[in-house]
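Shown next, in structure tokens, is the structure this report addresses.
The values are calculated or read from the model by the stated rules, or taken from the named source; none is laboratory data. Computed from a prediction, not measured in an experiment: that's the story for all the values here. Cβ sites come from the backbone with ideal geometry, for glycine too, and all protein chains shown count toward neighbours. Remember, those area values only see protein heavy atoms, side chains included, never the ligands or the DNA or RNA. Shrake-Rupley method; radii C 1.70, N 1.55, O 1.52, S 1.80 Å.
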Amino acid sequence: MVALDVPAEYGYAIIGCVVIPTMAGMYMGGPVMKARKECDVPYPNCYATPGYHKRADEFNRVQRGHQNYYEGLTSYMAMALIGGLKYPIINAVGGVLFSIGSILYQKGYMDVKLDVGMARYKKGGAVKWIGFLAAFGTSITCGIQLALSK
């Protein structure tokens, strides 16, 4: 059996990889609520229907930026919390980058003046991948170290 020592700095990993991303997701819901009202896309519609909703593309871009965040959030949090057992500060900083980058990703995505193909990266959205890759790399390293320990 392998014993895990939780480092004293692990609290920073929890704040950076759970608390801040949760707050970012709540913040990112604001533009969706605003667009839902402005574009007249009532519940329970998750997306607007082109040809039925007049501003379907505009609403869908806002919603897509928000949903993209939640599609990767659970795997991100799991990797960051596991990697944070050995590298808490790296993952705490990575969580901040992931959260800020995700907000910028949504801001780019919802800008209808930009081409949808690269819009999400035009306002700094690529920053989120630094945080994601930090969690990915540290969780792999942590997993290998645990697998090889006796």
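The C-beta contact set for region 90-101 (first residue under 13 Å from Ile15 (Cβ atoms), second residue open to solvent by 10 Å² or more (accessible area, probe 1.4 Å) and not in a helix (DSSP H, G or I), distance under 8 angstrom, 6+ apart or interchain) comprises Ala92/Glu9.
Met79 passes all but one of (1) open to solvent by 80 Å² or more (accessible area, probe 1.4 Å); (2) touching a Ser or Thr at 6+ places or on another chain (Cβ under 7 Å); (3) of a type in the set (A, V, I, L, M); which number fails? Met79 satisfies every listed condition except (1). In this structure, does Gly72 turn out to be surrounded by fewer than 18 Cβ atoms within 10 Å (Cβ to Cβ), at negative phi and part of a helix (DSSP H, G or I)? When the stated conditions are applied, Gly72 passes them. Does Leu146 satisfy being of a type outside the set (Phe, Trp, Tyr), part of a helix (DSSP H, G or I) and under 19 Å from the mean Cα position of the chain (by Cα)? No: the conditions fail for Leu146.
For every residue, the table says whether it meets (1) open to solvent by 60 Å² or more (accessible area, probe 1.4 Å); (2) part of a strand (DSSP E or B); (3) on the phi > 0 side of the Ramachandran plot; (4) in contact (Cβ under 8 Å) with a residue 40 or more places away in the chain.
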position	(1), (2), (3), (4)
Val6	yes, no, no, yes
Tyr12	yes, no, no, yes
Met33	yes, no, no, no
Lys37	yes, no, no, no
Val41	no, no, no, no
Tyr47	yes, no, no, no
Val62	no, no, no, yes
